[in-house]
1. If I ask for residues that are in contact with a helix residue (DSSP H, G or I) (Cβ under 8 Å, 6 or more places away or on another chain), part of a loop (DSSP other than H, G, I, E, B) and closer than 22 Å to Asp124 by Cα, which ones from region 1-54 would you list?
2. Which residues, taken from region 128-163, are of a type in the set (Asp, Glu) and touching a strand residue (DSSP E or B) at 6+ places or on another chain (Cβ under 7 Å)?
3. Across region 137-159, which residue is surrounded by the fewest Cβ atoms within 10 Å (Cβ to Cβ) among those that are closer than 27 Å to Arg103 by Cβ and of a type in the set (Ser, Thr, Tyr)?
4. Residue by residue through region 117-149, note down the ones that are of a type in the set (D, E, K, R) and farther than 19 Å from Leu75 by Cα.
5. Tell me which residues, restricted to region 156-168, are at pLDDT 95 or above and not aliphatic (A, V, I, L, M).
6. Only one of Gly34, Gly81, Gly30 is in contact with a Ser or Thr (Cβ under 8 Å, 6 or more places away or on another chain) and either modelled with pLDDT of 95 or more or under 22 Å from Tyr135 (Cα atoms) (or both); which?
7. Does region 60-69 include one or more residues that are under 20 Å from Leu167 (Cα atoms) and of a type in the set (D, E, K, R)?
8. For Ser131, are the conditions met, namely being surrounded by fewer than 19 Cβ atoms within 10 Å (Cβ to Cβ), of a type in the set (Ser, Thr, Tyr) and either on the phi < 0 side of the Ramachandran plot or modelled with pLDDT of 95 or more (or both)?
Amino acid sequence: MVNVRIEQLKSIEKNAGELSELLVQVVNEGASMGFLPPMKLSDANKYWRHVLEQNVVLFVAKIKNQIAGSIQLHLCTKPNGMHRAEIAKLMTAPHYRRNGVARALMRAAEKRASEEGRTLLVLDTREGDPSNRLYTSLAYIQAGKIPYYAKSANGQLDSTIIYYKSLHPDNFK
């Protein structure tokens, strides 16, 4: 394993180029991130310019000072949802996969969610993606499947799997 350092980004400017390249790489390799390949760098730049909001926490994983991955934690701001957050846009650069990057990012997001008083995390991912194994290995529970949820590059409509995790299991007994 390599040394993975996790950092929270409070602004995008300094890292916009690397983040945009990361997004282009993962989308063009087929990841379901809300975009379809081929993705242009200009579209990725446009996306990152609008990511950070008051309720979004953005973490990056760095290896040798290069961005190897990222994750977003979306804190629910609705009065009836202040106990929950959503994991979004977990991505690892293809050449850094299988080095613990995604796991380290998930742990950082979970820790921050807990620090924010969030006791329930939710996420969704395309059925059959390798990320499904990661989420189940981190004790996320499959809540259901929505068929025909997202279009893939070949035009096929893929299902998405909804997962959740209680950060404090005693709260749900």
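1. The answer is Glu29, Met33, Phe35, Leu36, Pro37, Met39.
2. Once the filter is applied, which keeps residues that are of a type in the set (Asp, Glu) and touching a strand residue (DSSP E or B) at 6+ places or on another chain (Cβ under 7 Å), region 128-163 yields only Asp158.
3. Ser137
4. Arg126, Glu127, Asp129, Arg133, Lys145
5. Within region 156-168, Gln156, Asp158, Ser159, Thr160, Tyr163, Tyr164, Lys165, Ser166 meet the criteria.
6. That would be Gly30, the only listed residue that is in contact with a Ser or Thr (Cβ under 8 Å, 6 or more places away or on another chain) and either modelled with pLDDT of 95 or more or under 22 Å from Tyr135 (Cα atoms) (or both).
7. Scanning region 60-69, I find no residue that is under 20 Å from Leu167 (Cα atoms) and of a type in the set (D, E, K, R), so the answer is no.
8. no
The values are calculated or read from the model by the stated rules, or taken from the named source; none is laboratory data. Keep in mind it's a predicted model, so treat the numbers as computed, not measured. Because the Cβ atoms are built from the backbone with ideal geometry, glycine has one as well, and the counts that use them run over all protein chains shown.
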